[in-house]
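Below you'll find the structure, written out as structure tokens, and then a few comments.
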Amino acid sequence: MKFHEKTIKETHIYTGNYLEINNVEVELPNGKTSNRDIIKHPGACAIIPFLDKETVLLVEQFRKPLEKTILEIPAGKLDKNEDPLNCAYRELEEETGYKAGSITYLGSIATAPGFCDEIIHLYKAENLSLGTKCCDEDEFTSIKTFSLDEVKAMVKSGEIIDTKTISILAYL
């Protein structure tokens, strides 16, 4: 059986600041039809910044959908037609105040492929130095330092629940 769903009809439901929601009628592999609600996302990048071989920076911030403050690696959405590597350099400085001397691509993840097309490109940043700009005006964050072992322990204990942060550890 070929696992493919043919789009029969796509209905635009909503456009937000950068997200779109569509309802898609599809033909299933068995010939029956079904509906999918799909969120279209421009994509993002996420960076694990290393201060030294074992010390990383995490961002602590309130996440409204969860109604709680969480720890995560710095990340941000791609601007229109932006190269993911350029986004990684930009977001690292905007979120942490640090510039990277070098950034290495690690891989990409699909964050919620059941209903969203977002792909996050993952990077490792090294040779950090303080930059000149920090923090978007609509984001309130605190930068924290941890050893890589501490981060892994916080994942195992459930203190870190952010999927991009958990996923990036598999690439190291």
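The values are calculated or read from the model by the stated rules, or taken from the named source; none is laboratory data. The shown structure was predicted, so the numbers you read here are calculated from the model rather than taken from an experiment. Cβ: placed from backbone, ideal geometry, glycine included. Neighbour counts: every protein chain shown. These area figures cover heavy atoms from the full protein model, side chains too; ligands, DNA and RNA do not enter into them. Shrake-Rupley method; radii C 1.70, N 1.55, O 1.52, S 1.80 Å.
Looking at (1) touching a residue at least 12 places away in the same chain (Cβ under 8 Å); (2) open to solvent by less than 50 Å² (accessible area, probe 1.4 Å); (3) over 16 Å from the mean Cα position of the chain (by Cα), can you tell me which one residue 143 breaks? Unmet for residue 143, out of (1) touching a residue at least 12 places away in the same chain (Cβ under 8 Å); (2) open to solvent by less than 50 Å² (accessible area, probe 1.4 Å); (3) over 16 Å from the mean Cα position of the chain (by Cα): (2). For residue 105, the conditions (1) open to solvent by 20 Å² or more (accessible area, probe 1.4 Å); (2) at positive phi all hold with the exception of (2).
A quick yes/no check of all residues on (1) modelled with pLDDT of 95 or more; (2) at positive phi; (3) within 14 Å of the chain's Cα centre (by Cα):
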{"site": "68", "(1), (2), (3)": "yes, no, no"}
{"site": "74", "(1), (2), (3)": "yes, no, yes"}
{"site": "84", "(1), (2), (3)": "yes, no, yes"}
{"site": "88", "(1), (2), (3)": "yes, no, yes"}
{"site": "93", "(1), (2), (3)": "no, no, no"}
{"site": "100", "(1), (2), (3)": "yes, no, no"}
{"site": "115", "(1), (2), (3)": "yes, no, no"}
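Counting only residues that are assigned to a loop (DSSP other than H, G, I, E, B) and aliphatic (A, V, I, L, M), how many does the stretch 140-172 have? Total satisfying the criteria: 4.
Name every residue in the stretch 60-80 that is hydrophobic (A, V, I, L, M, F, W, C) and within 19 Å of residue 153 (Cα to Cα), in order of residue number. Let's see the steps before the verdict.
Here is the first cut: in the stretch 60-80, the residues hydrophobic (A, V, I, L, M, F, W, C) are 62, 66, 70-71, 73, 75, 78.
Correct list: 70, 71, 73.
Look at residue 22 and say whether it is open to solvent by 60 Å² or more (accessible area, probe 1.4 Å) and without any contact (Cβ under 8 Å) to a residue 60 or more places away in the chain.
Numbers: open to solvent by 60 Å² or more (accessible area, probe 1.4 Å): no; without any contact (Cβ under 8 Å) to a residue 60 or more places away in the chain: yes.
Criteria not met by residue 22.
Selection of the stretch 44-69 for residues being of a type in the set (D, E, K, R) and either exposed (fewer than 11 other Cβ atoms within 10 Å of the Cβ) or within 21 Å of residue 147 (Cβ to Cβ) (or both) yields 52, 53, 54, 60, 64, 67, 68.
Scanning the stretch 35-60 for residues that are charged (D, E, K, R) and touching an Asp or Glu at 6+ places or on another chain (Cβ under 7 Å) turns up just one, 40. Do we have residue 85 as in contact (Cβ under 8 Å) with a residue 60 or more places away in the chain and either within 28 Å of residue 131 (Cα to Cα) or loosely packed, with under 12 Cβ neighbours inside 10 Å (or both) here? In short, no. In summary, strands (runs of 3 or more DSSP E) completely within the stretch 1-67 and bearing 2 or more residues that are within 30 Å of residue 97 (Cα to Cα) occur at 44-49, 55-63.
Results for (1) among the aliphatic types (A, V, I, L, M); (2) over 13 Å from residue 47 (Cα atoms); (3) part of a loop (DSSP other than H, G, I, E, B), shown as yes or no for each residue.
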site	(1), (2), (3)
82	no, yes, yes
93	no, no, no
104	no, no, no
107	no, no, no
113	no, yes, yes
122	yes, no, no
125	yes, no, no
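Taking the criterion of being in contact with a Cys (Cβ under 6 Å, 6 or more places away or on another chain) and farther than 14 Å from residue 75 by Cβ, the only residue of the stretch 85-137 that qualifies is 97.
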